[in-house]
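The values are calculated or read from the model by the stated rules, or taken from the named source; none is laboratory data. For clarity, every value in this text was computed on a predicted model and none was experimentally measured. When we count neighbours, we look across all protein chains shown, and the Cβ atoms used for this are built from the backbone with ideal geometry, even at glycine. These area figures cover heavy atoms from the full protein model, side chains too; ligands, DNA and RNA do not enter into them. Shrake-Rupley method; radii C 1.70, N 1.55, O 1.52, S 1.80 Å.
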Amino acid sequence: MILDLAAEVDDLENHEGHDVSALLARASAAVDEAQRLEDVVLGHRARLVQADMRRRQGDVDHAARVFLATHRWAERHDCRPLLARSHFHLALTFHYLGDHAASLEHALNAVDLLDDDAPGGLRVIHLVRLANSLAENGSTDAARARYQQAERIATEIGDRTRQLLVLNNLAYTELEAGNAGTALAAVERMYHAARAIGRDLLIIERDTVANIHISEGRYEEAERILQNVWEAPPWFEAHDAAEAALTLALAQRHRDALDRAQASLDHCRDLCAEHQLNSVGVRAMAEQAELYAAAGDHRAAFDEYKRFHTASEQLRSAQQEAKARARQAMLETAEARRDAERYREQARRDPLTGLWNRRFVDETLPQVLAGAASARRPVVLSVIDIDHFKRINDTLSHDTGDRVLIAVAELLADEQDRLAADGFVARMGGEEFLMVLPGVTAAEVFERLDGVRRRIAGHRWQPVTGDLPVRISVGAVVTGQATRDQAQLLAEADRRLYTAKREGRDRVIS
C-alpha cells in the first residue's frame, strides 16, 4: 500500500494536467491515505500538492501557511526531499507576491536540494521555476542556461510535453527581453515537439507564439495561429482561452478588422465574467477603449477608458490586499516558528545561569562524540564541581550561592570559548558543570583545565563571598583513552572528579 501511495504522490507532483478540481481531489485522497498508513513524509508531500491546487482556486493565504509549515517540519527533521518541494512552492508563492529576490532564493534551494534520483519531469519543473525567477531578477543569460538544462533533461527522458513547457517559458522570456528572433527559434522547436507527440499547440502555447508575431508586426500570422480560439476549451483552460481571445482581438484591431476584433473581445469578456477572471477582464476594458478609438467613437473610448481606470485601481487594491493577507499568513507562520524555536531553546537552558542543561547534553553530546570519532578528533569531557558549595549556602545565603553559580558559569563559558569554540558548557545540576572541549588532546588536557581551575580560584570573589574562597575540582577524560560511549565517559569523568575531592579538592585529575 505504501508503494502505491508513493507512486500516486510522485504522479501528483509530476502532473501535466490542468484540471485543478480533479488534482485537488486526488491530493486530498492521498493525504487521507498517508494519515491512515501513518507515513508522515508522504502526507506532507501530498499536502503540498493539495495546498497548491487550493492556491490555484484562489486560497492563497491557506496555501502560504501550509507551504511554510511543511518547510518548517522538513527543516526540523532534515528531510531533504521535502525541503526541495517546499522551497519550490515557496518560490511560486513569493513570485505571486512580487518578491522576486525571495522567489529566486527559494528556487535555487529547490533545485539544489532535489535528489539525484527524483523523477526527470519533476527536475524539469524545478529548473523552469528557477529559470523564470532568474529572468524576473534580470539574469536572462543565467535563465537561458537553466532552460537549456531543463530541455536537455526532457529530451533525454523522452518527455515532449515537458519539453514544450520549457520551450514555451523560454520563448516568453526571450520575448519579454526583446529577443523576438531567439523567441521564434524556440517556437520552431515547439512545433517540432508538438508534431512528435501528435498534437497541436495548446492555447497557452499558441498565445505565446501569437504575441511574438505581434511584437514583430506580423498581425496576420498572429490571427491565423489563434483563429480557432472559439472552440470551447475545457473549463480549466478558461484563463488561457481568455488570454488568447484578448491577444486575437489585439492582432485583428491592428489589421483594421474591427468587427472580428470586437467579436473576439466579446468572447474574452464573456469568459472573464463566467469564470471571474478579473485581471484579464480589466485588460479587456483597455482593449475595448482602443477598439472604440480605432472605430472613431472617441466619446465611447473615453468613457471606457475611465471605467478601465476605475476597475484597474480596484483590482490593484484587491491584489494588494490579497498579497498583504498572504504575507501576513507567512509572517504569522514564521513567528510561530520563531516562538517554537525559542521555547525549544528555553527548555534546554538552565534558567539560573543561562548555560545548557542536562536535556541539551543528552541530545547533543552523542552527536559531538560521533562526529569527533568519524573525524578521528579527540574530545575532552570534564566534570567540574564547586568545592564546599554547601558551606557558601549555609554560611552566607542561597542568594549568594546563586550569585556564585552565575559567576562560575560565566567564567567557564568564557574559558570554553577560548579553548574550543565548537564546544559547550552545561550545568548538570546543583553546583556541578560539564565542559566539552573538542580538539583538545590528552597531552594538553591537564594544562588547559588547570588554567581554568586557576582562573576560578584567582577571580575577585571578596565582593560576593567575603573571606570564603571559591574553588573547583575537575575530573576529565579524553576520547581515545577510553570507550566512546557517553554514559561510560561521563562515569569515568565522575570517578576522576571524586578522586580530586578525596585528594584535597582544588585540583584537576585527568
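Among the candidates Leu365, Leu355, the residue that is in contact with a Lys or Arg (Cβ under 6 Å, 6 or more places away or on another chain) and under 22 Å from Arg496 (Cβ atoms) is uniquely Leu355. When Asp4, Asp10, Asp61 are checked against the criterion of being under 30 Å from Ala238 (Cα atoms), among the acidic types (Asp, Glu), open to solvent by 50 Å² or more (accessible area, probe 1.4 Å) and at pLDDT below 85, Asp10 stands alone in meeting it. Just need a number here: residues in segment 38-58 that are farther than 11 Å from Val20 by Cα, of a type in the set (Lys, Arg) and open to solvent by 40 Å² or more (accessible area, probe 1.4 Å). Matching residues across segment 38-58 total 1. Using beta carbons and a limit of 7 Å, which pairs, at least six apart or on different chains, have the first residue in segment 182-204 and within 11 Å of Arg160 (Cα to Cα) and the second one of a type in the set (Ser, Thr, Tyr)? From segment 182-204, the pairs are Ile197/Thr161.
Go through segment 248-259 and give me each residue that's open to solvent by 40 Å² or more (accessible area, probe 1.4 Å), touching a residue at least 12 places away in the same chain (Cβ under 8 Å), in a helix (DSSP H, G or I) and over 16 Å from Phe308 (Cβ atoms). Residues satisfying the conditions are His254, Leu258. The set of residues from segment 215-229 being in contact with a helix residue (DSSP H, G or I) (Cβ under 6 Å, 6 or more places away or on another chain), over 10 Å from Gln252 (Cα atoms) and open to solvent by 20 Å² or more (accessible area, probe 1.4 Å) comprises Ser215, Glu216, Glu221. Just a yes or no: is a residue in segment 466-473 of a type in the set (Lys, Arg), farther than 19 Å from Phe389 by Cα and either open to solvent by 20 Å² or more (accessible area, probe 1.4 Å) or not in a helix (DSSP H, G or I) (or both)? Taking every residue of segment 466-473 in turn, none turns out to be of a type in the set (Lys, Arg), farther than 19 Å from Phe389 by Cα and either open to solvent by 20 Å² or more (accessible area, probe 1.4 Å) or not in a helix (DSSP H, G or I) (or both).
Residue pairs whose Cβ atoms lie under 9 Å apart, sitting 6 or more positions apart in sequence or on different chains, and linking a residue in segment 492-506 that is closer than 10 Å to Ile472 by Cα to a partner that is open to solvent by less than 50 Å² (accessible area, probe 1.4 Å) and assigned to a helix (DSSP H, G or I), are Asp506/Arg453; Asp506/Ala457; Asp506/Ala500. Pairs meeting the criteria (first residue in segment 442-460 and within 18 Å of Glu410 (Cβ to Cβ), second residue open to solvent by 50 Å² or more (accessible area, probe 1.4 Å) and assigned to a helix (DSSP H, G or I), beta carbons under 9 Å, at least 6 apart or on different chains) are Arg455/Asp414.
Mind listing whichever residues of segment 418-444 are open to solvent by 10 Å² or more (accessible area, probe 1.4 Å), touching a Leu at 6+ places or on another chain (Cβ under 8 Å) and of a type in the set (Phe, Trp, Tyr)? Within segment 418-444, no residue meets the criteria. Under the condition of being open to solvent by less than 30 Å² (accessible area, probe 1.4 Å) and part of a strand (DSSP E or B), the residues counted in segment 356-385 number 7. Taken over segment 393-450, the criterion of being part of a helix (DSSP H, G or I) and among the polar types (S, T, N, Q) is satisfied by Asn393, Thr395, Thr400, Gln416. Residues that are crowded, with 16+ Cβ neighbours inside 10 Å and of a type in the set (Phe, Trp, Tyr): does segment 292-302 have at least one? Yes, segment 292-302 contains at least one residue that is crowded, with 16+ Cβ neighbours inside 10 Å and of a type in the set (Phe, Trp, Tyr). Quick check: anything in segment 13-24 modelled with pLDDT under 85 and either farther than 30 Å from Asn278 by Cβ or among the basic types (Lys, Arg) (or both)? Yes, segment 13-24 contains a residue that is modelled with pLDDT under 85 and either farther than 30 Å from Asn278 by Cβ or among the basic types (Lys, Arg) (or both).
Can you list the helices (runs of 4 or more DSSP H) found entirely within segment 39-145 that contain at least 2 residues being within 16 Å of Val166 (Cβ to Cβ) and not hydrophobic (A, V, I, L, M, F, W, C)?
On the way: elements: 40-56, 60-76, 80-97, 100-113, 120-136.
Helices (runs of 4 or more DSSP H) meeting the threshold: 120-136.
Out of curiosity, is Ala457 open to solvent by less than 40 Å² (accessible area, probe 1.4 Å), assigned to a helix (DSSP H, G or I) and either closer than 26 Å to Glu363 by Cβ or modelled with pLDDT of 90 or more (or both)? Write out each step before concluding.
On the way: open to solvent by less than 40 Å² (accessible area, probe 1.4 Å): yes; assigned to a helix (DSSP H, G or I): yes; either closer than 26 Å to Glu363 by Cβ or modelled with pLDDT of 90 or more (or both): yes.
When the stated conditions are applied, Ala457 passes them.
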